[in-house]
Amino acid sequence: MGRELVKIVTTSEEGKSVEAFTAGTLAGAGSFRCEACGFAVALHELDEVPACPQCGGRKFKRASMFMARQQEYTTELDQVPQVVEPEWLGEAREALVAHGDYVGFERDGRVHVLALQDGWTRIGRSLSAHIRFDDPTVSRRHALLHRDQTGARVLDDRSLNGVFLNGERVDWHELDDGDEIAIGAFRLYFMRVRNRAQSGASGLKLARGA
């Protein structure tokens with residue numbers, strides 16, 4: 001027997017009945033926003049509602065309930081943490097011996113480094129994403145990385161929570177060495193390796209797909 005859907009019914013200021021959910025319950029598929037800060041999560045049918053990764057809040061409403069009053073959430077996704085490089089980033093950079101552009105990130109307690117190929121790299125929750133984060137803070141199609149002979153750039157792929165580059169929300173932006181890209185609750189770091197010797201062994205296994 002499956003778990004029951006837990007609902008808390010409240011009343012809005014307009015007198016209309018709305019649905020609210022607490023962290024740890026099953027709310028069904030759809031988009032939901034934290035009552036405290038407006039942070040959005042996208043849930044599949046059997047996903048539990050998580051605690052808000054931005055403010056720790058535990059109460060959510062369906063995203064559609066917030067559209068009419070979105071102006072009230074003036075701090076929504078604007079107050080992001082200060083950019084701090086993780087300890088593993090320096091070691092990952094030193095382990096790279098081939099010229100190229102890379103993104104590094106932590107997932108499931110492990111560090112992953114992806115060598116960017118020319119063309120498009122898809123980031124999201126979809127099974128077709130090159131870099132997949134199975135997390136409710138990440139949209140199915142969240143962001144795109146594009147690389148060619150002129151450089152690399154990041155684009156927001158109409159995501160629910162947006163894409164942040166070094167703490168600032170962007171729709172499209174060129175990437176520089178050391179840039180931090182925030183995708184939902186995850187942080188990716190762009191690395192550009194130039195003038196590096198082609199010989200030597202690397203202690204870091206590079207992922208062609210993630």
Open item on the list: With a 1.4 Å probe and all protein chains left in place, how much accessible area per residue does the stretch 102-153 have, in Å²?
Closed with: 48
Task: Among 182, 172, 159 - extreme Cα towards positive end, dipole of the stretch 142-188, charges at beta-carbon - done: 159
Open item on the list: With every protein chain left in place and a probe of 1.4 Å, what is the accessible surface of residue 91, to the nearest 10 Å²?
Closed with: 140
Task: In sequence order, calculated HN-Hα J values of the stretch 99-114 (Karplus, 6.51, -1.76, 1.60; Hz; x Gly/Pro) - done: 4, x, 10, 9, 10, x, 7, 9, 8, 6, x, 10, 8, 10, 10, 10
Open item on the list: So, taking all protein chains as they sit and a 1.4 Å probe, how much accessible area belongs to residue 160, in Å² rounded to tens?
Closed with: 50
Task: Check: the stretch 87-170 dipole with +1 on Lys, Arg Cβ and -1 on Asp, Glu Cβ, in debye - done: 400
Task: Residues whose placed amide H lies under 5 Å from that of residue 19, excluding near-sequence neighbours - done: 62
Task: HN-Hα J in Hz across the stretch 34-39 - Karplus 6.51, -1.76, 1.60, θ = phi - 60°, x for Gly and Pro - done: 5, 5, 7, 10, x, 4
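The values are calculated or read from the model by the stated rules, or taken from the named source; none is laboratory data. A quick note: this is a predicted structure, and the numbers were derived from the prediction, not measured. Here the Cβ is made from the backbone with ideal geometry for all residues, glycine too, and neighbour counts use every protein chain on show. Remember, those area values only see protein heavy atoms, side chains included, never the ligands or the DNA or RNA. Shrake-Rupley method; radii C 1.70, N 1.55, O 1.52, S 1.80 Å.
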